[in-house]
1. Tell me the relative contact order for the chain as a rounded percent, counting alpha carbon contacts under 8 Å between residues six or more apart.
2. Between TYR52 and TYR318, what length in nm is gained on full extension when 0.36 nm per residue of separation is reduced by their alpha carbon distance?
3. Rg/Rh for the stretch 7-167 to two decimals, with Rh computed the Kirkwood way over all alpha-carbon pairs.
4. Using only alpha-carbon positions, what ratio does the radius of gyration of the stretch 200-356 give when scaled by 2.2 N^0.38 Å?
5. Listed highest first by mean packing, meaning other Cβ atoms within 10 Å per residue, what order do 241-249, 140-148 come in?
6. Tell me the label-point distance for the pair GLN147, ILE16, using the 7 Å Cα-to-Cβ offset, in nm and rounded to one decimal.
7. I want to check the label-to-label distance for ILE246 and SER126. Put each point 7 Å from Cα in the C-beta direction and report it in nm to one decimal.
8. Taking other Cβ within 10 Å of each residue's Cβ, how do ILE112, ILE86, ILE19 sort, fewest first?
Amino acid sequence: MSQMTIEIKKTPHSRISEIDFDHLVFGEQFSDHMLEVRYSEGSWRDPLILPYGQIPMYPAVSTLHYGQAVFEGMKAFRYKDGKVNIFRLDKHYERFRRSCERVCIPEVPQDIFKEGMRALVDTDRSWVPGAKYKSLYIRPIVFASDQTLGLRASRNYRFYIICSPVGNYYAEGIKPIRLTTMPKYVRAVLGGVGDVKVPGNYAASLQPTMKAQQLGYTQVLWLDAIEHRYVEEVGSMNIFFVIDDILVTPPLNGSILPGITRNSVIELAKANGMTVDERPVTIDELADLHKTGKLKEIFGAGTAAVISPVGTIHHEEYQISIGSDEMGPVSKWFYENITGIQHGDVADPGGWCTLI
Ligand SMILES: Cc1ncc(COP(=O)(O)O)c(C=O)c1O
């Protein structure tokens with residue numbers, strides 16, 4: 001613990017009684033408080049927890065024009081005994097730090113990120129749902145706050161953390177989702193910003209995702225930007241294939257977001273004797289493996305969706321449909337184990353859950 005002091009101004013009127021915890025819509029309800037920290041004259045100062053609410057800013061604030069911003073997406077869970085934990089806090093901080101570096105945002109010190117988040121989740125502890133498969137989604141966001149239309153790195157920044165109680169990410173729940181490639185579009189290129197969590201990546205994905213949804217698919221399966229053959233990832237998930245009894249996922253080549261859930265799946269698989277192969281996979285190879293019956297399961301892995309079975313991949317003339325209407329056994333094993341660790345039913349492999 002550092003010597004950092006965090007001022008806490010509590011709301012006199014909690015909104016928690018207005019929330020229907022049985023029907024949570026992802027990212028639509030926010031807990032009572034937020035963390036705010038400002039950066040000026042070369043340092044981050046005065047962390048403050050205050051009631052969740054509007055933040056004042058000018059229309060010339062540079063992040064609105066040039067997108068110099070970074071965010072994270074992580075979760076707090078409740079164990080059966082009532083204790084609350086944050087999942088993989090260190091890994092999320094590390095990715096946040098790397099993302100900031102890529103877009104010239106001064107490093108948010110570890111203690112501000114970690115202790116600030118702990119204090120916020122502690123303040124809004126009653127907002128962490130108790131039911132299994134539900135959680136408190138935590139959204140740290142940092143953005144450039146200079147008032148300028150000049151294209152340069154800002155000199156002032158603001159860092160916020162907000163929280164939102166959530167249930168399932170997809171309307172399908174944990175039923176298999178349908179993916180399609182969109183070969184006319186790309187998500188990320190080598191040397192770009194696909195491997196960090198910056199808002200522009202998501203803005204660029206909206207139009208192709210909307211088109212995919214109009215065609216009846218849940219999400220886009222992104223292919224590489226050069227040959228349009230190598231599978232990369234899904235909108236907010238990394239992708240895994242069970243090929244015979246091997247777990248295969250595309251390698252972190254520089255244009256894929258290094259998912260923390262991806263890392264958890266790989267570590268759990270290895271610790272349980274499963275062979276993991278991080279290697280390039282083409283869409284043609286997938287179609288062949290499907291024809292020969294070697295492609296057993298496909299699933300996505302991400303904080304919001306946890307483990308999400310994929311029932312269909314469409315690509316031009318291919319329609320790869322596998323499994324039934326339920327999660328396959330391997331996907332289910334990861335789903336049960338990861339949610340089990342998060343809710344305290346399965347032993348923590350080592351430092352994954354930070355108790356609050
Ligand atoms: C583009 C993209 N890929 C993958 C993921 C999965 O990453 P994580 O498991 O850290 O949530 C996310 C979600 O953050 C994402 O936005």
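Read the figures in this text as sums done on the coordinates, not as results from a lab. Here the structure is a predicted model, which is why all the values come from computation and not from measurement. Quick reminder, even Gly has a Cβ in these numbers, built from the backbone with ideal geometry, and neighbours come from all protein chains shown.
1. Working: 727 pairs, mean separation 67.1, N = 356.
RCO, the chain: 19 percent.
2. 91.0 nm
3. 0.98
4. 1.05
5. So the order, starting with the most tightly packed, is 140-148, 241-249.
6. Once both label points are built, they end up 3.9 nm from each other.
7. 5.4
8. Neighbour counts put them in this order, fewest first: ILE19, ILE112, ILE86.
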